[in-house]
Each structure stands twice: as C-alpha cells, then as structure tokens.
Amino acid sequence: MTRTVPPDHDHALATRAIHAGQRDDPLSGAVMTPIYQTSTYRQEGIGKHKGYEYARTQNPTREALERNVAALEGAAYGFAFGSGLAALDALLKLFRPGDHVVSTANLYGGSHRLMTRVFEPYGLQFAFVDSRDPARVEQAMTPATRLLYCETPTNPMMFLTDLRAMGDLAAARGVLFAVDNTFATPVFQRPVESGCEVVLPAARVQAAAETYIGLVETGVGLIPAGGGTTEMVRRAAARIPPGTEADPSDPNSRPPTPQ
C-alpha cells in the first residue's frame with residue numbers, strides 16, 4: 001500500500017498521468033522511477049532498512065505505480081495486485097459468512113464467477129440487481145448488507161450507473177461502496193468524487209496500451225479514499241500479518257483505525 005503526497009494531486013489529469021508518483025532517482029537523478037528488479041534489499045541490521053525489506057512487500061517501482069493510479073483516481077492510497085480479480089478477491093475477504101453484497105447485475109463474468117463460485121459457497125450472500133435503477137438497489141439491501149459493488153460502464157452491455165445516487169445510498173445505509181472503473185478510467189469518471197471508498201481499475205497491454213497504464217496483465221485496484229477501509233484492505237491483501245501494527249513513521253503506511 002502506498003500513500004500519495006500533496007504534489008501528486010497538484011496538477012491536471014494529463015500531467016498527473018506522467019508525473020504523479022514519480023520520485024527523482026537518488027543515484028542518477030533520473031526523473032522517472034527505474035524498474036527495480038531486485039528481490040531483496042541490503043539492511044544495516046535486523047529490522048534496520050531504508051523502508052524496503054523484500055520485493056513482495058515493498059518495491060519502489062510498484063510504489064510509483066500505486067501512487068500514480070491513486071492520484072489519477074483522486075484517492076489517498078493505492079494497492080497494486082497481480083490482476084483485477086486479485087484485487088476483488090482481497091476486497092471480498094473483508095467480509096464474513098452471512099454478510100450480504102449488493103452488486104451490479106450486468107457484471108464482468110470473472111467477477112460474477114468469483115462471487116458465486118468461490119465466495120458464495122463460503123457463506124457470503126449476493127444479490128445482483130439492475131443498478132441503473134437506484135430504487136431496485138435500495139430494495140435489494142438487507143440488514144446484513146455490507147458492500148455495494150458497482151461496475152459502470154458494465155461489461156459487456158455498457159450500462160451506466162448513477163454513482164452519486166449510489167454513493168448517497170451507501171452512505172445512508174452505512175455500507176462500503178466499491179466501483180469497478182475499468183472501462184471509463186479516471187479520464188472520464190472518478191468514483192471517489194461520488195462517495196466511493198474503493199476503486200478497482202484494471203490495466204493491461206497487448207500489442208499496444210489498451211488503457212491508461214502500460215503494464216502487462218496488471219490489475220491495479222483497491223484504491224481507498226482513506227479511513228478504516230485502508231487498514232482492512234491492507235490486512236486482507238496480507239501485506240502485514242494480523243495483529244501487527246503499521247509503522248506511523250512510514251510515509252507509505254498508516255496505523256490501524258479502530259472499527
């Protein structure tokens with residue numbers, strides 16, 4: 001998890017797309033973050049390091065990506081995962097058997113299968129509704145609803161959801177609001193501005209960049225706007241062990257927020 005800094009949000013979208021999240025390389029002065037391919041980092045002693053222990057948990061190149069995408073979405077924190085479904089998997093692991101999720105009906109097939117074939121047998125409950133109609137979404141909510149999950153525009157029908165209405169509904173019901181923003185990208189919509197707490201954009205490259213980030217089959221997701229959600233997702237993604245306190249002096253970390 002990486003936290004953005006004020007300069008990442010100082011400019012318009014086009015400038016942020018190039019410069020947000022980038023730090024001058026201290027060795028060469030390069031203005032773009034190098035690709036760090038190391039798996040380990042030299043340490044002065046046990047637990048004494050420069051903020052990087054092992055590439056699976058910290059990597060400067062990944063941090064630049066996380067800050068950049070978070071800044072584009074207008075969020076405070078960014079997580080990078082191996083795929084968009086890995087990001088959704090971490091999100092759904094925030095919940096317990098018996099918890100209820102209301103989701104867009106016209107949904108990316110992989111997301112639907114993950115919900116119904118993997119998490120439903122473990123006790124999560126899902127209601128798939130036409131999110132173009134806020135009244136239907138509200139009717140589908142129960143006292144056990146913990147998450148409102150929207151995809152807009154949808155895959156494959158390109159249906160649109162009123163994110164402001166969904167954000168207001170989620171706030172009124174006290175549920176987490178998450179949006180799959182893959183199709184629109186932050187160039188066209190920024191769900192955080194409508195009350196969304198978690199955004200899941202997915203980015204990939206085939207012959208050329210299909211979307212706004214050039215990474216091969218990299219799902220970039222779970223970009224919390226802040227609050228206790230950040231720490232919950234951090235733990236769900238297994239970046240820190242349960243019961244371990246985040247280091248408040250680390251600019252890329254934050255202490256847990258009491259729930």
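The values are calculated or read from the model by the stated rules, or taken from the named source; none is laboratory data. All figures in this text were calculated on a predicted structure; none of them were measured in a lab. So basically every Cβ, Gly included, is an ideal-geometry build from the backbone, and we count neighbours across all protein chains shown.
Filter the range 68-115 for residues that are of a type outside the set (Gly, Ala, Ser) and touching an Asp or Glu at 6+ places or on another chain (Cβ under 6 Å) and give the result. Listed by number, the residues that qualify are Thr104, Leu107.
Under the condition of being of a type in the set (A, V, I, L, M) and over 19 Å from Gly167 (Cα atoms), the residues counted in the range 106-135 number 4. Restricting Thr145, Thr154 to those that are more than 20 Å from Arg190 (Cα to Cα) and of a type in the set (Val, Ile, Thr) reduces the list to Thr145.
Being surrounded by 20 or more Cβ atoms within 10 Å (Cβ to Cβ), in contact (Cβ under 8 Å) with a residue 40 or more places away in the chain, in contact with a Phe, Trp or Tyr (Cβ under 9 Å, 6 or more places away or on another chain) and not small (Gly, Ala, Ser) is a property that holds for Leu88. Among the residues of the range 41-66, those that are hydroxyl-bearing (Ser, Thr, Tyr) and surrounded by 13 or more Cβ atoms within 10 Å (Cβ to Cβ) comprise Tyr41, Tyr52, Thr61. Taking the numbered list (1) modelled with pLDDT of 85 or more; (2) of a type in the set (Val, Ile, Thr); (3) surrounded by fewer than 20 Cβ atoms within 10 Å (Cβ to Cβ) in turn, Val5 passes all entries but (1). When the range 147-166 is filtered for residues that are of a type in the set (Asp, Glu) and farther than 24 Å from Lys93 by Cβ, only Asp162 remains.
For every residue, the table says whether it meets (1) out of contact with any helix residue (DSSP H, G or I) (no Cβ under 8 Å at 6 or more places or on another chain); (2) among the small types (Gly, Ala, Ser).
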{"residue": "Met157", "(1), (2)": "yes, no"}
{"residue": "Asp162", "(1), (2)": "no, no"}
{"residue": "Val187", "(1), (2)": "no, no"}
{"residue": "Ser194", "(1), (2)": "no, yes"}
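The residue list Thr116, Thr61 contains one member that is in contact with a Phe, Trp or Tyr (Cβ under 7 Å, 6 or more places away or on another chain), modelled with pLDDT of 85 or more and over 24 Å from Cys196 (Cβ atoms), which is Thr61. Could you please find all residues in the range 32-58 being within 30 Å of Ala17 (Cβ to Cβ), without any contact (Cβ under 8 Å) to a residue 24 or more places away in the chain and aliphatic (A, V, I, L, M)? Within the range 32-58, Met32, Ala55 qualify. Screening Tyr36, Tyr54, Tyr41, Tyr77 for residues that are under 17 Å from Val5 (Cβ atoms) and among the hydroxyl-bearing types (Ser, Thr, Tyr) leaves exactly one candidate, Tyr77. When restricted to residues that are in a strand (DSSP E or B) and touching a helix residue (DSSP H, G or I) at 6+ places or on another chain (Cβ under 6 Å), the range 127-140 contains 2.
Taking first residues from the range 124-141 that are among the β-branched types (Val, Ile, Thr) and partners that are assigned to a loop (DSSP other than H, G, I, E, B), the Cβ contacts under 9 Å between residues at least 6 apart in sequence or on separate chains come to Val129/Ala105; Val137/Asp130; Val137/Ser131; Val137/Thr161. If you take the residues of the range 31-52 that are small (Gly, Ala, Ser) and more than 17 Å from Arg62 (Cβ to Cβ), which of them is modelled with the lowest pLDDT? Looking at residues that are small (Gly, Ala, Ser) and more than 17 Å from Arg62 (Cβ to Cβ), I get Gly47.
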